Structures are given as C-alpha cells and as structure tokens.
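To start, the structure under review is shown below, and the notes come after it.
The values are calculated or read from the model by the stated rules, or taken from the named source; none is laboratory data. Keep in mind the model is a prediction, meaning the values are calculated, not measured. So basically every Cβ, Gly included, is an ideal-geometry build from the backbone, and we count neighbours across all protein chains shown. Ligands, DNA and RNA are stripped out before the accessible areas are found, and what is left, the full protein with its side chains, is counted by its heavy atoms. Shrake-Rupley method; radii C 1.70, N 1.55, O 1.52, S 1.80 Å.
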Amino acid sequence: MTDMSADEFYQLAIYISFGLSILAFLLTILRLVLGPTLPDRILSLDLLVTLGIGFIVIFTLATGYYAYLDMAIALGLVGFLATIAFARFVMHQGETNDPLIDDGLEQVDKD
Amino acid sequence: MSNLFLINVLMAVAWCAVLGSFTLMNLLFGFAVSSGALWLTREQYRTSKYFHRFWLVLGLVLLFLKELVLSVVRVAWLVIRPSRSLNPSFVSFPLTVTKAHEITLLANLITLTPGTLSVDVSDDNKTLYIHCIDVDDVDALRRDIAEGFERKIMEALR
Amino acid sequence: MISVITGVLLITAAVVNLIAAIGILRFPDLYTRMHAASKAGTLGAGLMLVTIAIHSGEIEIASRALAGAAFFLLTAPISAHLLARAAYVAGIEPWEGTKVDHLKGHYTDKQGHLSSDDEKS
C-alpha cells in the first residue's frame, strides 16, 4: 500500500465488499431455489436477511448517511421474528394444538 | 452487585455531564475513572466482590468472542476445503447447571462456538441435545463443554 | 488511520458473509448448513455493525450500532435452535453420513416433548 492513500483504499474496500456481498446474495438465492426442503429455504431466507443488513451497512458507509442504520436494525428484528414464525409453522404444519382454535375449526367444519 | 454497576454507569454519565460532551471516548474514560473511584473505596464499601465478578463476566464475554471467531475460522476451513468428508452427530449432553437463564446462556454459547449447535433441551431440563458438524470423540467434546463454558458460567453467575 | 481500519474490517465482514453463503450451498444437509448460517452469518452482520460504530465515532450512532450487534449475538442462536428443533420434530431426515444420533427416539410426540437421556421412553 505504498502507492495508495488511505482514502483510496477505503473506496476500494467499499467496492470489494459490495462485490463479495452480491456474490453471497446470488449463492444464497441458489440454495433458496434448490431447496430441497422447506426448512432449507427458511434458512436461506434467514441468511438473506443477514446479508441484507451487511449490504445496508456498506451502503451507509458509501453514502455517509447514517439514517440507513436504523433500517438495518429494524430489518434484523423483523428477520428474527419471521424465522421464529416459520419455525413454528414447520413444527405444526396445519395442526395448531390450541384447543380454542382447533374447536373453532371443528365448528366451521360442522357448519 | 448490579447496584454498584448502576452507580458506576451513573458516575460515568455524570463525568460526561460535567465535561459537557457525550462522546463515546468520554463515556468510556468516565467509566474507567468511576470504576477507579469505586476501587479506591473497596475497604469502606466492600466493592471488591463487584470487581471480582466484573472480571469474571468480562472474561466470559471475551472467551465467547474468541470462540466465535475460532468457530468461523473452523467453518470457513470446512467450507473451502476440497474434500467433503464430514462426521456430523447429534450428541446428548448431561447438564449440571439447573436454572433456566443459565441453560439459556449455555445453549447460546454452544451455538456460537466451534462446530456445535444446540438443538433442544429435554422437558426435565437435564439433557441438552447438540448437533456437532465434525466430531470424532463424543466424550472429549462433552468434557470440553463441561470444563469450559459450564464451569465459567457457574463461576460468573453464582 | 480510521478509514484503513474500517476498510479492513469491511472486507473481513464481507468475506465472512460469503463463507456463510458458500457453506449453505456446499454442506450436505439442513443441520450442517445451519452451522454455516448461524455462526458465519452472525459474525458477518456483527462485524459490519462494529465497523459502522468505529467509523462514525459519535456516541448516538455507535451505541445504536453496538446495541444492534449485541441483539444479533443474542437472537441468532435462538432462531437457529428453533429452526433445527422444528425441522427434527417435523421429520427432516439428517444426512446419511451422520455418525451418532442420540436424539433419535427421544421425541415422545409431534408437539416436541423431549425425554431426557436417562429415561428412555
């Protein structure tokens, strides 16, 4: 780094990390398409959220506009809740195990 | 003990208020100064136990960060090496810690450490089931966790 | 100086994220893939937020970023645990190369009730 100033290196680092993040996005989307099971796809969606946070952070550093940081944190919160909801869905897959809801469903079936 | 931590933080905030600038460096420096003040009064107010626990918790956090970095290095090696031979296993681990928050902390630590991922705890809170990505000796793994994290958690939280 | 540190951290975090993505593509079954996603993904996002905290140098931004990083370190293991447990209860088969399976037969019903190691049901 003798012929490169610190600011030039910083700009280059932003470009390189943008490139690596895009590559990671594409690979994760490939797993999302390939599957083969539902939890695999949920896992790759979870990783996509994580990669999206990284992408927003790089974008924040590139533009110097720190309001995007809140977006990254909110995305993390939503991604965590989404994964939990998906996990519960995988676990029950139709049966709720909640007498209130199940009895209600039976009522609907009778009517 | 958490009382003293609160006092420590409040004194750091007061330091910043006196200086009139709430920057990160000022807050950290204020924290260091106020913990120094607490250390000076250890004879009068018996704050030495607080410092002992402070170091234990700090050690736990540092150990955790070190293991996280190590685990990523290990996963990275498993990812980029050419051969695909793995020895994944589901391993049961008999728990010594009993309280819910200790088990939660242990399970979280296990998930973020090299090659292990906690899957579930049995209903009677006695067994933790772990998925290991590449393990040869199950007993050695159990011993590592019991003498590493579990002992440290018990030291720091009891 | 700050911009050099930020640049190095940024590239490291991006490489860690890329490792998570390659891992999720290369590993043979869901449970091994979860290792790549939960560890490397968490460290990647955490490093990114630490980078932004160092780069800004202001307390209101740094505290938000560090709180976000701490939040990730706490929540990533929980979502990994829930997903692995749900997949096992739902009957997703582990890879055929799995050597030991102490979990087999310990789930007593489909609601995820789990018996301990010594009381074999």
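Quick look at the values:
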{"quantity": "10 Å Cβ neighbours from other chains, averaged over peptide C:55-68", "calculated": "5"}
{"quantity": "Gain upon complete extension [C:E93, C:M1; 0.36 nm per residue less C-alpha separation]", "calculated": "28.0 nm"}
{"quantity": "Per-residue SASA entry for B:K152, accessible area with 1.4 Å probe, Å² rounded to 10", "calculated": "80"}
{"quantity": "Peptide-level mean, for B:105-112, of C-beta atoms on other protein chains within 10 Å", "calculated": "4"}
{"quantity": "Theoretical gain in end-to-end length, A:L12 to A:M71 [0.36 nm per residue, Cα-Cα removed]", "calculated": "18.8 nm"}
{"quantity": "Protein-only accessible surface order, largest first, of A:E8, C:E58, B:E150 at 1.4 Å", "calculated": "A:E8, C:E58, B:E150"}
{"quantity": "B:D144 paired with B:V73, simple spin-label distance in nm, labels 7 Å along Cα-to-beta-carbon", "calculated": "1.3"}
{"quantity": "Theoretical gain in end-to-end length, B:V61 to B:A100 [0.36 nm per residue, Cα-Cα removed]", "calculated": "12.1 nm"}
{"quantity": "Using a Förster distance of 56 Å, the FRET efficiency for B:R81-B:S21 (Cβ separation, nearest 0.05)", "calculated": "0.65"}
{"quantity": "Probe 1.4 Å - accessible area at B:R143, Å² to nearest ten", "calculated": "130"}
{"quantity": "Computed FRET value (nearest 0.05) for C:E60 with B:A37, which takes r as the C-beta separation and R₀ as 30 Å", "calculated": "0.70"}
{"quantity": "C:W95, B:W55, reordered so the largest accessible area comes first (probe 1.4 Å)", "calculated": "B:W55, C:W95"}
{"quantity": "Shielding by partners - mean other protein chain Cβ count within 10 Å, residues of A:62-72", "calculated": "3"}
{"quantity": "Computed [θ] at 222 nm, deg cm²/dmol, chain B (DSSP H ≥ 4; -39,500 (n - 2.57); rounded to nearest 500)", "calculated": "-20500 deg cm²/dmol"}
{"quantity": "Point-to-point label distance, A:L26-B:R151, nm (Cα→Cβ direction, 7 Å offset)", "calculated": "4.9"}
{"quantity": "Residue-normalised accessible area of the range C:2-89, given per residue in Å² at a 1.4 Å probe", "calculated": "26"}
{"quantity": "Average Cα contact separation per residue, chain B, under 8 Å, 6 or more apart, as relative contact order %", "calculated": "20"}
{"quantity": "Inter-centroid distance (Cα atoms) of the range C:1-72 relative to the range B:88-143, Å", "calculated": "25"}
